[in-house]
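Engineer: My questions will all concern the structure given below.
The values are calculated or read from the model by the stated rules, or taken from the named source; none is laboratory data. Keep in mind the model is a prediction, meaning the values are calculated, not measured. Because the Cβ atoms are built from the backbone with ideal geometry, glycine has one as well, and the counts that use them run over all protein chains shown.
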Amino acid sequence: SSQFYDNNHSHVTWVSRMQCLKAGIESYIEQMSKASPKNKVGIVTFSNEVVCYGDGSTKDMSRVEGNSLYDENKIIDIAEKSQFLVKKEVGDTYQSLIKHLYTIEESGQTALGPAIMFSIHLLKNAAQGSKIILCTDGLANMGLGALEDLDQEKFIKAREFYEALGEFAKAKAIIINIL
């Protein structure tokens with residue numbers, strides 16, 4: 001369909017939030033591959049499931065889905081078993097990471113809590129100062145830490161969940177940046 005607003009700006013191309021986000025991530029990974037080629041980078045996506053593509057050097061991936069999104073022990077177990085997916089250096093995996101980046105599509109709900117928990121446990125044995133760059137456009141509405149339709153008790157439980165994740169990340173010297 002036409003991408004023109006009110007058919008008045010035929011010389012303007014509109015860019016989606018997802019396209020902007022992917023371009024920004026690509027630029028960041030490219031800069032890192034040149035400035036710090038020995039660092040490791042992995043991609044974890046989340047919607048109604050959490051998918052770890054790791055460093056993109058293999059076709060292997062891991063998933064947290066269904067009832068597992070509500071099970072702290074299951075999320076941690078899958079994350080710990082997925083650490084092998086982020087082994088190679090970004091200088092070697094840049095092209096694979098970008099390839100995976102551009103296959104990501106928006107879909108489903110937002111399993112934000114499980115994604116953060118998974119990512120923290122994926123990195124918990126990594127070097128101090130490791131970073132999670134969390135990109136989302138939605139309210140956490142699925143799995144642990146869901147924030148929709150909260151009564152007072154559920155709100156307190158969700159707040160405690162995110163505070164505990166933050167404290168664990170802090171103890172492991174993992175930095176979480178949010179976009």
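Engineer: Tell me which residues, restricted to the stretch 56-65, are in contact with an Asp or Glu (Cβ under 9 Å, 6 or more places away or on another chain) and surrounded by fewer than 22 Cβ atoms within 10 Å (Cβ to Cβ).
Structural biologist: Across the stretch 56-65, the qualifying residues are 57, 63, 65.
Engineer: Could you tell me whether residue 133 is in a strand (DSSP E or B), in contact with a strand residue (DSSP E or B) (Cβ under 8 Å, 6 or more places away or on another chain) and surrounded by fewer than 21 Cβ atoms within 10 Å (Cβ to Cβ)? So that I can check it myself, show each step before the final result.
Structural biologist: Values: in a strand (DSSP E or B): yes; in contact with a strand residue (DSSP E or B) (Cβ under 8 Å, 6 or more places away or on another chain): yes; surrounded by fewer than 21 Cβ atoms within 10 Å (Cβ to Cβ): yes.
Here the answer is yes, as residue 133 does meet what is asked.
Engineer: Would you pick out the residues in the stretch 136-159 that are surrounded by 14 or more Cβ atoms within 10 Å (Cβ to Cβ), of a type in the set (A, V, I, L, M) and either within 17 Å of the chain's Cα centre (by Cα) or part of a strand (DSSP E or B) (or both)?
Structural biologist: Result: 140, 142, 144, 146.
Engineer: Restricting to the stretch 75-92, what's the tally of residues that are buried (at least 21 other Cβ atoms within 10 Å of the Cβ) and either touching a Cys at 6+ places or on another chain (Cβ under 7 Å) or modelled with pLDDT under 95 (or both)?
Structural biologist: The number of residues fulfilling the criteria is 4.
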